[in-house]
Amino acid sequence: MQYASLARLKQAFITGMWASLVSIVIGFAFKVWLAQWVAKGELALFNSVVDLISLSFILMTGFRSSMVVSYSQTKNDRDIINIFRYFLIGIVLLTWGAVIPYIKHGLHIRVEYLQLVGVIFGLGLKVYFTNLVAMYRMYTLSNRVTWLEPLANGLLFMACYFGLGMDALASLFYGLTFSSLAIAGYMYVSRRRAIATRPLAKVALGPEMVSYVKKSFTASLEAGASILMIYITVLLTIRHFSIDELGDFQVVVRPIFTYMTTLFVFPIYRFVLPELAVNLRNRDHRQIRMIRRWIFRLSAIVSLAFFGLMLLAGKPLVLLFFPADYVGAVPVLFHFSIFFIFMMLNGYQLAYIKAHGHFTQSLLIRLAGIVALIAAYYLVAEFTANVVAIIVALGLGYMVMFILSTLAERQILRSLPLVLATR
């Protein structure tokens, strides 16, 4: 039984990677197809608006880790879900009342009001059911939704564009709204077949639920800080570079960044964190060391392969999938490949820190990464005016986070009783 945890983790991790790979192939093919005929400026505009709205709901995905941990400890899904519902309703209203005016009047982006509201409600419902599926650990449904989501997005875009005769930009927004609602409905029906819906009710805020709220709030801030790093790179690109360079980042670099993260970083939070929490509860530190070695080996293999691919075939691959005017993304992707290993290793170490209940420490490490990103950009910009400065600054931000999380991990290990740390 001593290898059960690692074997279970490997199976879940690999299955999740295959589901993510199918999702990536579908989503990437859709983006490549759009890049062939949709105006570069419209694609950059759509992605930027969705980024702004998604940033609000990323705060709610931070609830996911605390929901999983709290439910496994208390089995009190009624209060956990209701607390999440109230917070999510507040975020939807806040996004509606603050983000939409900022998009339309602060950034002067011409997007129809109904399109923005539709995206907010669609993404909100999808986040709600995604968190419930994660809390109940319905991995089969989660993996199925992973590839159904981009498929539904592409099909509903085509229904809007070819079937309803909308223009490309409107079809992108309505396609995203309808696909988000469809996926949310599918998760609702599938989850309800196994687990009944818990009624909306008053929350009993006992000590366990108070602890859950505190951890959820901290985890939400951390999730926001994580996405804020990418959002800052978008803002820096908008502020200091042209729409052409913004298009390179949003249409080529950003999707590949997202795909690599989806394939190799997100599974760490989905599967490694729960296993670490269980092993800590059982005081099985030997299993934790085995998991750590496996993740570190996997990180080295993936990162070296990514770096070699970008070094030897980066330009031909970009030109294979995108028009020639996106070739400026090649050096940005190459520099991203240099720093990718820090993203994977940092993912494990933050999961380890949170498994010990140190959510605040994990948040502080994220915030330090943001500060390092901004400082690194203005430092690198002194030596080059190339857009590569932004991705280098992002990589340096993750490097700083890796150093800090390594120090935190060692501090935790030193605090453990010797008999437990060597088991």
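The values are calculated or read from the model by the stated rules, or taken from the named source; none is laboratory data. The structure presented is a predicted model; accordingly, all values stated were derived computationally and were not measured. We place every Cβ from the backbone using ideal geometry, glycine too, and count neighbours over all the protein chains shown. Ligands, DNA and RNA are stripped out before the accessible areas are found, and what is left, the full protein with its side chains, is counted by its heavy atoms. Shrake-Rupley method; radii C 1.70, N 1.55, O 1.52, S 1.80 Å.
When all alpha carbon pairs of region 9-49 are counted in 10 Å bins from zero, the resulting P(r) reads 26, 34, 24, 15, 2 %.
Need one word for region 48-206: rounded, prolate or oblate. Basis is the Cα gyration tensor (sqrt eigenvalues a ≥ b ≥ c); a/c below 1.5 gives rounded, then a/b vs b/c decides.
In terms of gyration-tensor shape, oblate.
Under a GNM of the chain (C-alpha, springs under 10 Å), which listed residue has the highest mean-square fluctuation: Phe359, Phe241, Phe217? Of Phe359, Phe241, Phe217, the Gaussian network model singles out Phe241 as fluctuating most. Divided by 2.2 N^0.38 Å, where N counts the residues, the Cα radius of gyration of region 222-374 comes to 1.18. Note that region 117-239 carries a Kirkwood radius of 17.0 Å, evaluated over its alpha carbons pair by pair. Using only the Cα atoms of region 246-330, build the gyration tensor, take square roots of its eigenvalues as a ≥ b ≥ c, and label the shape rounded, prolate or oblate: rounded if a/c is under 1.5, else prolate if a/b is larger than b/c, else oblate. Since a/c reaches 1.5 and a/b is larger than b/c, the shape of region 246-330 is classed as prolate.
Here the relative contact order of the chain, from alpha carbon pairs under 8 Å that lie six or more residues apart, stands at 22 percent. Positive-end ranking of Trp18, Gln73, Gly247 along the dipole of the chain, with charges on Cβ about the Cα centre, is headed by Gln73. Would you list, by chain and number, the lysines whose Cα falls below 30 Å from the Cα of Lys126, excluding same-chain residues fewer than 8 positions away? Excluding near neighbours in sequence, the set is Lys10, Lys31, Lys40, Lys75, Lys104, Lys202, Lys214, Lys215, Lys354.
With a Förster radius of 41 Å applied to the beta-carbon distance between Thr15 and Arg110, the computed FRET efficiency rounds to 0.45. Of the DSSP H helices in the chain, those that are both long (alpha-carbon extent of 18 Å or more along the helix axis) and hydrophobic (Kyte-Doolittle mean at least 1.6) are 359-380.
Positive contributions from Lys and Arg (+1) and negative ones from Asp and Glu (-1), summed over other residues with Cβ under 13 Å from the Cβ of Ser220, come out at +4. The C-alpha atoms of region 239-284 occupy a region whose extents along the principal axes are 54, 20, 9 Å, arranged from largest to smallest. Protection proxy ranking, highest mean first, for peptides 79-85, 201-207: 79-85, 201-207, where packing is the per-residue count of other beta-carbon atoms within 10 Å, averaged. Between region 363-391 and region 36-68, the C-alpha centres lie 22 angstrom from each other. Name the residue farthest towards the positive end of the dipole of region 119-209 from the options Pro150, Met209, Met166, assuming +1 on Cβ of Lys and Arg, -1 on Cβ of Asp and Glu, about the Cα centre. Working it through, the farthest residue towards the positive pole turns out to be Met209. Note on region 203-247: semi-axes of the ellipsoid equivalent to its C-alpha gyration tensor, largest first and rounded to whole Å, are 39, 7, 6.
Rounded to the nearest 20, the Cβ-based charge dipole of the chain about its Cα centre (Lys and Arg +1, Asp and Glu -1) stands at 1880 debye.
The translational diffusion coefficient of region 175-312, from Stokes-Einstein at 25 °C and 0.890 mPa s with a Kirkwood hydrodynamic radius over alpha carbon pairs, comes to 125 µm²/s. If the chain linking Ala39 and Leu317 were pulled fully straight, counting 0.36 nm for each residue of separation and taking away their Cα-Cα distance, it would gain 98.0 nm.
Of the peptides 71-78, 123-130, 13-20, the order by per-residue mean of other Cβ atoms within 10 Å, starting with the highest, comes out as 123-130, 13-20, 71-78.
In whole percent, how big is the carbon plus sulfur part of the accessible area of the chain, probe 1.4 Å, protein atoms only?
68
Working from the Cα coordinates of region 341-402, the gyration tensor eigenvalues give, after taking √(5λ), semi-axes of 27, 11, 5 Å in decreasing order. Debye-formula intensities of region 1-90, expressed as log10 I(q)/I(0) at q = 0.20 Å⁻¹, are -1.06 (one equal scatterer per alpha-carbon, no solvent).
Alpha-carbon geometry of region 89-148: the Rg and the Dmax are 14.9, 43 Å, given in that order. Each residue, Val32 and His240, gets one label point 7 Å from its Cα in the Cβ direction; the gap between the two is 3.2 nm. Here the Gaussian network model covers the chain, with springs between Cα atoms less than 10 Å apart; of Pro274, Pro323, Pro150, Pro323 fluctuates the most.
Placing His108, His358, His285 in order of accessible area, with the largest value first and a 1.4 Å probe, yields His108, His358, His285. Expressed per residue, the C-alpha convex hull volume of the chain stands at 141 Å³.
Note on region 302-411: semi-axes of the ellipsoid equivalent to its C-alpha gyration tensor, largest first and rounded to whole Å, are 30, 17, 10. Between Leu407 and Asp77, the modelled labels are 4.2 nm apart [label points 7 Å from Cα along Cα→Cβ]. As a ratio to 2.2 N^0.38 Å, the alpha-carbon radius of gyration for region 309-364 is 1.69.
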